[in-house]
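Student: I'd like to ask you about the structure that follows.
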Amino acid sequence: MINDFSNRVKEFINSNKKQNNKILTNINKELSELDARKNRIEDLAIEGTFSKDRFISKIHEVEKEILKKKTEFDNNKVEKINIDSLLNYFKFFVKNISRLWIESSLEQKRRLQDFIFPEGIFIENYELRTTLINPILSQIKKQKEAVINSLSNMVAHRGLEPLF
């Protein structure tokens with residue numbers, strides 16, 4: 001169940017990486033075209049085709065576009081993270097959550113509680129209640145229940161085999 005979740009996370013991240021790489025490739029292509037345009041403007045200025053004012057205006061325009069594209073590139077650049085290490089830690093976290101709670105300091109327990117119950121917990125009719133459990137942990141619980149339900153349908157009911 002956790003491995004299934006990990007695989008889906010990997011697929012999602014890899015899909016986003018591919019899409020992001022396409023965007024970065026396009027931005028790089030546009031930057032190359034702008035650099036070529038800038039070089040052409042400089043060549044025309046050297047040949048005397050442009051006046052000084054016209055040259056400054058055109059260069060400023062292209063440099064402004066280059067800066068805009070470089071900013072766009074930086075905004076789309078995703079830090080490389082080790083997905084396997086992150087997912088391995090997540091598996092460890094989910095499998096050892098009770099031990100982590102026991103071994104945590106008061107501040108760490110508060111942060112762990114905030115992670116698991118993002119909207120907090122409260123007492124109602126002498127019972128601890130919450131309005132929301134962390135969506136990731138909720139999904140894991142749903143998948144676990146689905147696996148248990150599918151397995152219980154596979155067990156033969158009493159009376160299908162002869163009783164001796």
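The values are calculated or read from the model by the stated rules, or taken from the named source; none is laboratory data. Since we're looking at a predicted model, the values are computed, not measured. Glycine gets a Cβ as well: all are built from the backbone with ideal geometry, and neighbour counts include every protein chain shown.
To keep it simple, each residue is scored yes or no on (1) in contact with a Lys or Arg (Cβ under 6 Å, 6 or more places away or on another chain); (2) of a type in the set (A, V, I, L, M).
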position	(1), (2)
Ile13	no, yes
Asn16	no, no
Lys22	no, no
Leu34	no, yes
Val62	yes, yes
Lys68	no, no
Ser85	no, no
Arg99	no, no
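Student: Taking region 111-132, which residues are in contact with a Lys or Arg (Cβ under 9 Å, 6 or more places away or on another chain) and either loosely packed, with under 11 Cβ neighbours inside 10 Å or of a type in the set (Val, Ile, Thr) (or both)?
Tutor: Ile121, Ile123
Student: Being aromatic (Phe, Trp, Tyr) and free of Cβ contacts under 8 Å to residues at least 12 places away in the same chain is the filter here; which residues of region 108-127 pass it?
Tutor: Phe122, Tyr126
Student: Of the numbered conditions (1) loosely packed, with under 12 Cβ neighbours inside 10 Å; (2) outside the structural domain of Gln139 (by TED's automatic domain parsing), Ile41 fails exactly one; give the number of that condition.
Tutor: (1)
Student: I've got another one for you. Any residue that is part of a helix (DSSP H, G or I), polar (S, T, N, Q) and at pLDDT 85 or above - is there at least one of those in region 74-95?
Tutor: No, every residue in region 74-95 fails to be part of a helix (DSSP H, G or I), polar (S, T, N, Q) and at pLDDT 85 or above.
Student: Looking at region 20-73, which of its residues are of a type in the set (Val, Ile, Thr) and not in a helix (DSSP H, G or I)?
Tutor: Thr49, the sole residue that qualifies.
Student: Tell me, which residue of region 113-148 that is acidic (Asp, Glu) and under 27 Å from the mean Cα position of the chain (by Cα) is nearest to Arg99 (Cα to Cα)?
Tutor: It comes out as Asp114.
Student: Could you list, in sequence order, the residues of region 80-110 that are over 18 Å from Val9 (Cβ atoms), surrounded by 12 or more Cβ atoms within 10 Å (Cβ to Cβ) and of a type in the set (Lys, Arg)?
Tutor: Within region 80-110, Lys109 is the sole residue that qualifies.
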